[in-house]
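In what follows, a single structure is set out as structure tokens and then discussed.
The values are calculated or read from the model by the stated rules, or taken from the named source; none is laboratory data. Since the model is a prediction, treat every value here as computed from it, not as a measurement. Cβ placement follows ideal geometry from the backbone for every residue including glycine, while neighbour counts extend to all protein chains displayed. Protein only, heavy atoms only, side chains kept; ligands, DNA and RNA dropped before computing areas. Shrake-Rupley method; radii C 1.70, N 1.55, O 1.52, S 1.80 Å.
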Amino acid sequence: MNTILRKSILGIAGLTVAGGLAAGPLNHDTSTPTTRNAAVTTTQAAKLDSAALIPHGVQGTQSRIDFDDEQTANVKAIIAATKKAGMDERAAVVSIATALQESKLENLGHLGDRNDHDSQGLFQQRPSSGWGTVEQITDPEYSTMAFLKGLKQVDGWRDMPLTVAAQTVQVSAYPDHYAQWEQQAADLVAEHWNS
């Protein structure tokens, strides 16, 4: 990535983080642990997981949808592919949030007149843009590995807000829309990472 583009992306990420920190609510636990012998309460454990999964805090209003069995299977496939790629839970959060925005975690084939060019699969990847064949990009493992390969090439992706990292890989016409899925993606990773 050239130096000017990288500095621009990191500058935008810095502004986004600073804006989120200034505008976002403080997140602190005011509850009292119920037992004195427990090292970490369930509430505190959830917050620790949240801090690792959402290190920059969520950006903007969050969306949430209900899942059917296919969508849940696709969440598990993305998590399995992330582990196979040797990447961590944060990479899974970025991947799932991206797939939530692109396809609502449905492995979409060609949608005829409603199709965005030749975009298909969980990540709406395009064969004509070099993401792979139709058969490949509609395979959840392959499409996730392709997305993660792109993510690995983004210098400093871990230090960027989710939407900036996802947009750098996806180059969407709607770059800010990924952010709305960060909390649900983190919840899904927390639920399924060890299952």
Extension gain residue 192-residue 155, at 0.36 nm per residue separation less the Cα-Cα distance, in nm?
10.6 nm
What does the convex hull of the Cα atoms come to per residue for the range 79-179, in Å³?
89 Å³
Between residue 129 and residue 83, what is the label-to-label distance in nm when each label sits 7 Å out along the Cα-to-Cβ direction?
3.0 nm
Can you tell me how much longer the chain between residue 104 and residue 70 gets when fully stretched, taken as 0.36 nm per residue apart minus their C-alpha distance, in nm with one decimal?
11.2 nm
Heavy atoms only, probe 1.4 angstrom, no DNA, RNA or ligands counted: give me 174, 142 ranked by accessible area, highest first.
174, 142
Give me the accessible area of residue 138, 1.4 Å probe, in Å² rounded to the nearest 10.
40 Å²
From largest accessible area down, sort 104, 149; use a 1.4 Å probe on the protein chains.
149, 104
How do 134, 164 stack up against each other in accessible area, from largest to smallest, with a 1.4 angstrom probe?
134, 164
Taking the radius of gyration and the Kirkwood hydrodynamic radius from Cα positions alone, what is the Rg/Rh ratio for the range 154-195, to two decimal places?
1.04
With every protein chain present, what accessible area does residue 152 have (1.4 Å probe, heavy atoms only), rounded to the nearest 10 Å²?
110 Å²
